[in-house]
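Q: Structure in structure tokens, see below.
The values are calculated or read from the model by the stated rules, or taken from the named source; none is laboratory data. Model, not experiment: these values are computed from the prediction. Heads up, the Cβs are rebuilt from the backbone with ideal geometry, glycines too, and the neighbour counts pull from every protein chain shown. Areas reflect the complete protein model, heavy atoms only, side chains present, ligands, DNA and RNA absent. Shrake-Rupley method; radii C 1.70, N 1.55, O 1.52, S 1.80 Å.
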Amino acid sequence: MSAVPVAGVETLEEYGAATAACTRCRLAQGRTQVVFGAGNPRADLMFVGEAPGFHEDKQGVPFVGQAGKLLEGLLAGVDLRREDVYIANVLKCRPPGNRDPQQDEIESCEPHLFRQIELIEPKVIATLGNFATKLLSGRPLGITRVHGQEQALTVAGRSVLLYPLYHPAAALYTPAMLKVLESDFARLPELLGRSHEPIAPPEPELELVGTVRQPAEQLGLF
């Protein structure tokens with residue numbers, strides 16, 4: 001039976017348990033386990049990446065490979081730890097060969113992400129890479145154009161600051177990208193402080209049901 005967002009689920013832990021047997025898309029056939037998310041269930045700062053990789057699929061925790069180590073280093077640079085934030089992905093199951101998420105997979109899995117946001121109630125959502133940024137912003141602009149540029153939005157009923165960032169894996173392939181990431185990460189304490197103050201009215205909430213989207217632009221990490 002497919003695990004879908006369940007009315008009446010009260011906690012993030014309960015919702016994670018409810019999604020553990022999800023079969024909403026084809027990725028269920030090849031996964032080791034659902035990689036739901038990890039971190040502080042009441043975090044003010046939530047990171048959203050693309051999809052689990054090999055190590056995440058085996059361990060059931062997002063960002064535990066080389067990109068995860070880099071993410072931890074970037075967090076340490078702004079005096080944060082994994083335990084202070086919440087980390088999730090657009091997809092909860094690993095795509096074969098770590099290929100890009102496909103549009104129907106994103107549409108099948110996005111209710112899980114939006115329910116996570118409802119339950120965590122973050123003040124700032126930092127999107128890592130193209131797929132998370134396009135999904136949560138509702139715009140087709142790639143990460144190269146919008147990284148480091150925050151915007152006030154309503155996402156899953158929450159007024160948040162959306163803050164697009166390059167995926168940490170980008171710096172593994174292009175070392176010069178690390179400086180860009182460090183510069184963008186350096187603004188996170190400011191944004192978290194700002195999130196506790198009244199912000200301008202957000203844009204209208206994204207329509208999550210029945211929305212006609214253009215196919216995701218296959219740009220990978222950049």
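Q: For the range 1-153, how big is the tail of P(r) above 26 Å, as a whole percent of Cα pairs?
A: Numbers: 2300 of 11628 pairs.
So the pairs more than 26 Å apart make up 20 percent of the total in the range 1-153.
Q: Moving to a separate point now. Contour minus end-to-end for R81 and Q33, with contour as 0.36 nm per residue of separation and end-to-end as the Cα-Cα distance?
A: On the way: separation 48, 0.36 × 48 = 17.28 nm, distance 2.49 nm.
Extra length from R81 to Q33 when fully extended: 14.8 nm.
Q: Here's something else I'd like to know. Report the calculated FRET efficiency for R187 and Q66 (r = Cβ-Cβ distance, R0 = 41 Å), to the nearest 0.05. List each step's numbers first, then the result.
A: Numbers: r = 24 Å, r/R0 = 0.59.
The formula returns an efficiency of 0.95 here.
Q: Extension gain A176-E13, at 0.36 nm per residue separation less the Cα-Cα distance, in nm? The partial results should precede the final answer.
A: On the way: separation 163, 0.36 × 163 = 58.68 nm, distance 3.83 nm.
The A176-E13 span can extend by a further 54.8 nm.
Q: Going by Cα centres, the range 173-189 and the range 25-61 are how many Å apart?
A: Rounded to whole Å, the Cα centres lie 23 Å apart.
Q: If each residue of separation counts as 0.36 nm, what is the full-extension length gain between A20 and F54 once their alpha-carbon separation is subtracted?
A: Details: separation 34, 0.36 × 34 = 12.24 nm, distance 1.77 nm.
This chain segment gains 10.5 nm when fully extended.
Q: For a protection proxy built on the mean count of beta-carbon atoms within 10 angstrom, sort 163-173, 16-26, 109-119 highest first, please. All intermediate terms of the calculation are to be shown ahead of the outcome.
A: Details: 163-173: 23.3, 16-26: 16.6, 109-119: 20.3.
Descending packing order for the listed peptides: 163-173, 109-119, 16-26.
Q: Let me ask something else about it. If we count every other residue with Cβ under 14 angstrom of R31's Cβ, Lys/Arg +1 and Asp/Glu -1, where does the sum land?
A: Numbers: positive: R24, R26, K58, K92, R94, R99; negative: E56, D57, E105.
After counting each charged neighbour, the total is +3.
Q: Straight-line reach from K123: which lysines have Cα under 23 Å away, leaving out those fewer than 8 places along the same chain?
A: Filter leaves K92, K134.
Q: Carbon and sulfur: what percent of the range 1-128's accessible surface (1.4 Å probe)?
A: On the way: 2690 of 5400 Å².
With neighbouring chains kept in place, the figure for the range 1-128 is 50 percent.
Q: May I ask you to give the solvent-accessible area per residue for the range 41-111, in square angstrom, as obtained with a 1.4 angstrom probe?
A: 40
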